[in-house]
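Below is one structure, written out as structure tokens, with a few remarks after it.
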Amino acid sequence: MLPGRHRLHRSADFATVVRKGARKGRRTIVVHAHVDSSMIRVGGPRFGLIVSKAVGDSVTRHRVSRRLRHIAADVVGELAPEFMVVIRANPASATATHDELASDLRSALEAASSRARGTRS
């Protein structure tokens, strides 16, 4: 489970990451990563999820959300504390396996985080 200190809670934070962050898409998800250098963050990076009705009914959306939170908790230690990340689930995430979601998240996060820092991958 992803602890509360690693979650985005405010809609303004979601909007900032989606508008200003580097975006990388994969088959099952789209990752937006933004480095918030204006403040020093203690406690690690923060993640937010967007799982729309296009993904499926409420049971499917909640299952996808739980899986993505679990995978995000696994990768939280790999990112610098100043990162804010929004993960948007695509409809393909409803039928994807845990391993497919994890692979897509890791590859998109690696690409988006390097772009957010100003380096190309």
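The values are calculated or read from the model by the stated rules, or taken from the named source; none is laboratory data. Since the model is a prediction, treat every value here as computed from it, not as a measurement. We place every Cβ from the backbone using ideal geometry, glycine too, and count neighbours over all the protein chains shown.
How do the pairs read when you match residues in segment 97-112 that are in contact (Cβ under 8 Å) with a residue 40 or more places away in the chain with residues anywhere that are buried (at least 18 other Cβ atoms within 10 Å of the Cβ) and part of a helix (DSSP H, G or I), using Cβ under 7 Å and keeping only pairs 6 or more apart or on different chains?
Leu101/Arg67; Leu101/Leu68; Leu101/Ile71; Leu101/Ser93; Leu105/Ile71
Being more than 21 Å from Ala116 (Cα to Cα), out of contact with any His (no Cβ under 6 Å at 6 or more places or on another chain) and either among the hydroxyl-bearing types (Ser, Thr, Tyr) or surrounded by 13 or more Cβ atoms within 10 Å (Cβ to Cβ) (or both): is that true of Val51 here?
Against the criterion (more than 21 Å from Ala116 (Cα to Cα), out of contact with any His (no Cβ under 6 Å at 6 or more places or on another chain) and either among the hydroxyl-bearing types (Ser, Thr, Tyr) or surrounded by 13 or more Cβ atoms within 10 Å (Cβ to Cβ) (or both)), Val51 qualifies.
Of all the strands (runs of 3 or more DSSP E) wholly in segment 21-99, which have at least 1 residues that are β-branched (Val, Ile, Thr)?
By residue number, 29-35, 46-50, 83-89.
Going by what's in this entry, would Arg26 be described as within 18 Å of Met1 (Cβ to Cβ) and modelled with pLDDT of 90 or more?
So Arg26 fails the test.
Could you please find all residues in segment 80-100 being surrounded by fewer than 23 Cβ atoms within 10 Å (Cβ to Cβ) and either over 15 Å from Leu8 (Cα atoms) or out of contact with any strand residue (DSSP E or B) (no Cβ under 8 Å at 6 or more places or on another chain) (or both)?
Within segment 80-100, Ala80, Pro81, Asn90, Pro91, Ala92, Ala94, Thr95, Ala96, Thr97, His98, Asp99, Glu100 qualify.
Answer yes if at least one residue in segment 34-41 is surrounded by 17 or more Cβ atoms within 10 Å (Cβ to Cβ) and among the charged types (D, E, K, R), and no otherwise.
yes
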